[in-house]
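J.: What follows is a single structure, and I will ask about it in a moment.
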Amino acid sequence: MIGEAIEILLVEDNPGDVRLTQEALRDGKVHNNLHVAWDGVEAILSESRNRINAMALIHSQLYEGGDLSAIIMKGFMNNLLVQLLQVHSVPETKISPVVHAVDCSLPISAAVPVGLIANELLTNAFKHAFANRKEGKIEVSLGASGKGNIGLTISDDGVGLPEGFDINASKTLGLRVVKILAEEQLDGKLEVDSDKGTTFKVEFEMAKR
């Protein structure tokens, strides 16, 4: 992006020198483009940091639980919500987080993708769901059915998704990560509903883990 924003030309008599074209310098174009580019870099770094923190939290839960092969997901979800609330404070908006999770343990092969999915969807909700809102609610539900299926639901009562939104055509990195983790790594189903806010549902079979 920065390379596109600034045109750099090699000086013919000295290939080691570079100069910015006058067009790039005109009206502060370089400064403005660099500012936009840096904002994009900061956003990417922030999202990457959140993913690393989610992974660190998963490993922390492993060691604290004493079982290095499984994670108690209720404690993890509570801690993840607290962690993300600290990172993504929404000025002038009171957000009420609610966790409904049974004390089920997931093997590490399922806990990692489930944790990363939750991280992406919660981050997305904190960043976009409550624009110009004084209050809002985010709910996380995790449970097991009698058929041995695990269900993860993350919902908010915010502004909802854009009209005509299709997750299969989404170019947003975070949502693409969610789709890959849900459908390919967990071999599960992903459903999206944008009625009265936004709801993401992921369901997968434990037998396949």
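J.: Collect the residues in region 137-158 that are in contact with an Asp or Glu (Cβ under 9 Å, 6 or more places away or on another chain) and surrounded by fewer than 21 Cβ atoms within 10 Å (Cβ to Cβ), keeping them in residue-number order.
T.: LYS137, GLU139, SER145, LYS147, GLY148, ASN149, GLY151, THR153, ASP157, listed by residue number.
J.: Within region 122-209, considering only strands (runs of 3 or more DSSP E) that don't extend past its boundaries, which have at least 3 residues that are aliphatic (A, V, I, L, M)?
T.: In region 122-209, the matching strands (runs of 3 or more DSSP E) lie at 135-144, 149-156.
J.: Scanning region 134-183 for residues that are without any contact (Cβ under 8 Å) to a residue 40 or more places away in the chain and of a type in the set (Gly, Ala, Ser), which turns out nearest to MET73 (Cα to Cα)?
T.: Looking at the filtered set, the residue picked out is SER145.
J.: Spot the failing condition for GLU42; the list is (1) at pLDDT 70 or above; (2) charged (D, E, K, R); (3) surrounded by fewer than 16 Cβ atoms within 10 Å (Cβ to Cβ), and only one is missed.
T.: The failed condition is (1).
The values are calculated or read from the model by the stated rules, or taken from the named source; none is laboratory data. The structure presented is a predicted model; accordingly, all values stated were derived computationally and were not measured. Glycine gets a Cβ as well: all are built from the backbone with ideal geometry, and neighbour counts include every protein chain shown.
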